[in-house]
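This report concerns only the one structure given below.
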Amino acid sequence: MLTRAILFDFGGVLWRDVDRQARARWARELGMESMALEERIFESPALARAMLGEISSAEMWREIGVILGLDETQSRQLGENFFRGGQLNEKLLDFARQLRRHYQVGILSNAWDDARVDFTERLGLGEIFELLVISAEEGVAKPDPRIYQVAVERLGLRPPEVVFLDDRLENVAAARQFGMRAVHYQDNRQAVTEVQMYLGLARD
């Protein structure tokens, strides 16, 4: 079946952590290893609730701060600093720009309430991606198949007409189960090659 759209995950795909120094400083201040701090945050119930839109990002950081023994000011500072070491994956964005000439391109992201403003106003991604599906706005998150359904309906397509890239295997597996073509992102070269393979196979 002809591919008509490519959807990209944001964190870990279009946005990569390249400098963890800020996280390391916070971990030292809290008397823990950086990996342990990341696990406490990424596996926290507050983050899961924020991704479903049940609480705001500000409330999320306050709740995480309480768990870590921080006051409100420190919690806000942690939220401002935690992702500061990341940057856009420019090579993959260039690939998305090329794809947009012939296909619909979009972002399908587990993210919280202020992600749309962040993506469009701060990062300028609205100039590349015509569709943004954000879990907090939909009240459902990957790998729940309902969010894939939202994405294909917004595109006006059927699942097999969409290729999806994500760095988490459970999200890739769920997309395939839903009927989409999916690529497990590991690095730019591998991901681009696999997407191009799908596009080539779609022309048989």
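Laboratory data are not the source of any read-out in this text; all were calculated from the coordinates shown. If you're wondering where the values come from, they're calculated on a predicted model, not measured in any experiment. Heads up, the Cβs are rebuilt from the backbone with ideal geometry, glycines too, and the neighbour counts pull from every protein chain shown.
Once fully extended, how much extra length lies between Arg97 and Met32, figured as 0.36 nm per residue of separation less the alpha-carbon to alpha-carbon distance?
Separation in residues times 0.36 nm, less the Cα-Cα distance, equals 19.3 nm.
Using Cα pairs under 8 angstrom and six or more residues apart, how large is the relative contact order of the chain, in percent?
Computed over the chain, the figure is 28 percent.
Could you order the peptides 4-13, 50-59 from most to least packed, using the average number of other C-beta atoms within 10 Å per residue?
Going from most to least packed, we get 4-13, 50-59.
Counting DSSP beta bridges with both partners in the chain, what percentage is antiparallel, nearest 5?
The antiparallel proportion sits near 15 percent.
Quick one: which residues, 5 or more positions from Trp15 or on another chain, have an amide H under 5 Å from its amide H? H modelled 1.01 Å from N in the peptide plane, none for Pro or chain starts.
For Trp15, the qualifying residues are Asn89.
What are the ³J(HN,Hα) couplings of the stretch 60-76, residue after residue, when phi is run through the Karplus curve with 6.51, -1.76, 1.60 and θ = phi - 60°? Round to Hz, x for glycine and proline.
4, 5, 5, 5, 5, x, 4, 4, 8, x, 9, 7, 5, 5, 5, 4, 5
Any idea what Rg and Dmax come out to for the stretch 19-81 if you just take the C-alpha atoms, in Å?
11.1, 31
Per-residue ellipticity at 222 nm for the chain, helices alone: DSSP H runs ≥ 4 residues times -39500 (n - 2.57), over residue total, nearest 500 deg cm²/dmol?
Dividing the helical sum by the residues of the chain leaves -14000 deg cm²/dmol.
With θ taken as phi - 60° and the coefficients 6.51, -1.76 and 1.60, list the Karplus ³J(HN,Hα) couplings across the stretch 126-132 in order, rounded to whole Hz; mark glycine and proline as x.
x, 6, 9, 9, 7, 10, 10
In the calculated pair distance distribution of the chain, what percentage of Cα-Cα distances lie above 20 Å?
Across the chain, Cα pairs with separations above 20 Å total 58 percent.
Compute the orientation-averaged projected area for the stretch 71-122 from the convex hull of its Cα atoms and round it to one decimal in nm².
For the stretch 71-122, averaging the hull's shadow over all directions gives 4.9 nm².
For Glu130, which sequence-distant residues (separation of 5 or more, or a different chain) have an amide H within less than 5 Å of its own amide H, given hydrogens modelled in the peptide plane?
Val105
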